[in-house]
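Below: one structure in C-alpha cells.
Throughout, read-outs are computed from the coordinates displayed, never taken from laboratory work. None of these values were measured; they are calculated from a predicted model.
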Amino acid sequence: MAGRENQPSTRESEMKQPKFVSWLGSMLENADLALAETDLSGSLVKANETVVGVLEDEALRRLYAVQHGIRTTVLQRFDAHGAEHDRGAPHDESVCRAAVSELSAMAKDADLVKDIFWRDLREAFPAAETSIGIRAGWQVVSIKEQERRSSGISIISIGDLLGL
Ligand SMILES: [Zn+2]
C-alpha cells in the first residue's frame, strides 16, 4: 500500500473553515472585553451564589465578550426600532419584518456562542456543577438551582418583544 500517510499532511492548514467558525474567529479577535467588564461590574455575587474561582483565561473572556457584545447590539437596535415606532415612523410591515429577522438571527448567533462559552466554562470550573454564572471581576459563581434565572444572561425573543 503506497499510502499518502507518509506525506506530510497539509490538510489542516489548507482546510477552509465553516462559515460560522470563521466568523467566530474574527469576532474573538475583535471582542470588546472592556464593554463586557464594565457591564459585568454591576453584577455582584448574590447570597445564594458561591464563588468557585476567577476566569483568567483570555480566550474564554473573549468568548463571553463576543456573545455579550452581540446581545448589547441587538438590544440597542431593538430599542432604536421601537423608538422609531414611538415617534410614529411610517414603517411598512416589510421593514419591521426585515429588522426582526436580522435581530433574531443575531440573537441566535449570540446563543450559539453563549452555549460554547458555558460549555467551556463548566469544564474549566467543574466545582460549579449544574448552574454557573459570571459576576463582577470575572468571578465564576455556582448558583443554587432555584435561582438559575438570575444568571445575568437571558434569552430574548425579538419577535415576541416586537409583537410580531
Ligand atoms: Zn418597525
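Considering amide H positions built from the backbone, and no H for Pro or chain starts, which residues 5 or more places from residue 131, or on another chain, come under 5 Å of its amide H?
Residues meeting the amide H criterion: 143.
List the lysines whose Cα lies under 27 Å from the Cα of residue 16, skipping any in the same chain that are fewer than 8 positions away.
Here the lysines satisfying the reach criterion relative to residue 16 are 108, 114.
List the residues whose amide H sits under 5 Å from the amide H of residue 53, counting only those 5 or more places along or on another chain, with H placed 1.01 Å from N in the peptide plane.
140
Want the number for residue 35 to residue 57: 0.36 nm per residue separation, take away the alpha-carbon distance, what's left? Don't jump to the answer; show the numbers that get you there.
Values: separation 22, 0.36 × 22 = 7.92 nm, distance 1.70 nm.
Result: 6.2 nm gained on full extension.
Cα-based Rg of region 41-120 per 2.2 N^0.38 Å, rounded to two decimals?
Scaled against compact globular proteins, the figure is 1.47.
Please list 3J(HN,Hα) in residue order for region 90-98, calculated via the Karplus relation 6.51 cos²θ - 1.76 cosθ + 1.60 where θ = phi - 60°; whole Hz, with x for glycine and proline.
x, 6, 8, 4, 5, 5, 5, 5, 5
Per residue of region 121-133, in order, report the coupling 6.51 cos²θ - 1.76 cosθ + 1.60 (Karplus, θ = phi - 60°) as ³J(HN,Hα) in whole Hz, putting x for Gly and Pro.
The phi angles translate into 5, 4, 5, 6, 10, x, 5, 6, 6, 6, 10, 9, x Hz.
Hey, another quick one. Output wanted: per-residue J couplings in Hz (rounded whole) for region 34-44, from phi through Karplus 6.51 cos²θ - 1.76 cosθ + 1.60, θ = phi - 60°, x for Gly and Pro.
For region 34-44, the Karplus curve yields 4, 4, 4, 5, 4, 5, 5, 4, x, 9, 8 Hz.
Cα convex hull of region 21-68: how many Å³ per residue?
Working: hull volume 4.1 nm³, N = 48.
Dividing the Cα hull volume of region 21-68 by its residues yields 86 Å³.
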